[in-house]
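The values are calculated or read from the model by the stated rules, or taken from the named source; none is laboratory data. The structure displayed is predicted, hence computed values, not measured ones. Positions of Cβ are backbone-derived with ideal geometry, glycine not excepted, and every protein chain shown enters the neighbour counts. Only protein heavy atoms, including side chains, enter the accessible area calculation; ligands, DNA and RNA are left aside. Shrake-Rupley method; radii C 1.70, N 1.55, O 1.52, S 1.80 Å.
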Amino acid sequence: QVQLVESGGGWVQAGGCLRLSCAASGRTASRYIMGWFRQAPGKEREFVAAISWSGGSTLYADSVKGRFTISRDNAKNTVYLQMNSLKPEDTAVYYCAADTILTTMSVRYDYWGQGTQVTVSS
């Protein structure tokens, strides 16, 4: 079992930045692939970024490439999502998730956090 708790969401003006954190607990938490997803009101949950357990491989959605950076600190069992140059369309609830395979498919992820709201105003 892996428990995930997100933090760092909030309100920011367009062009600003935020850093989300996801703290994982569980004996083998550091061995999991970690991903970030988001869901805006009235829309389906979509993939944002994912990182391998070593941190050596990452995936990004085209919509966030060059603006968002995913990273992890296995000593702290924490994964981060640095979000720069934020746009109003980035407004959503952001979720972190854990899986054993590096994938963009949300159905593959076994463990999910409760989500943190990010609001970007124009």
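Observations
- Mean separation of Cα pairs under 8 Å and 6 or more residues apart, divided by the residue count, gives the chain a relative contact order of 36 percent.
- Accessible surface computed residue by residue for the chain, with neighbouring protein chains in place and a 1.4 Å probe, gives 52 Å² per residue.
- Calculated FRET value between residue 52 and residue 5, using beta carbons and R₀ = 22 Å, to 0.05: 0.55
- Partnerless cysteines in the chain, where a partner means another cysteine C-beta under 4.7 angstrom, comprise 17.
- By accessible area, using a 1.4 Å probe on protein heavy atoms only, the chain has 48% of its surface on carbon and sulfur.
- Partner lysines for residue 87 [C-alpha distance under 27 Å; skip if fewer than 8 residues away on the same chain]: 43, 65
- All distinct Cα pairs of the stretch 11-77 go into the 1/r average, and the inverse of that average, the Kirkwood radius, is 13.4 Å.
- Nearest-20 debye value, the stretch 29-122 charge dipole, Cβ charges on Lys, Arg, Asp, Glu: 140 debye
- The stretch 63-122 - percent relative contact order, Cα under 8 Å, separation 6 or more: 31 percent
- Working from label points 7 Å from Cα in the Cα-to-Cβ sense, the residue 100 to residue 119 distance is 4.1 nm.
- Surface/4 of the Cα convex hull for the stretch 1-50, nm²: 4.6 nm²
- Relative contact order (%) - criterion: Cα under 8 Å, at least six apart; region: the stretch 4-47: 28 percent
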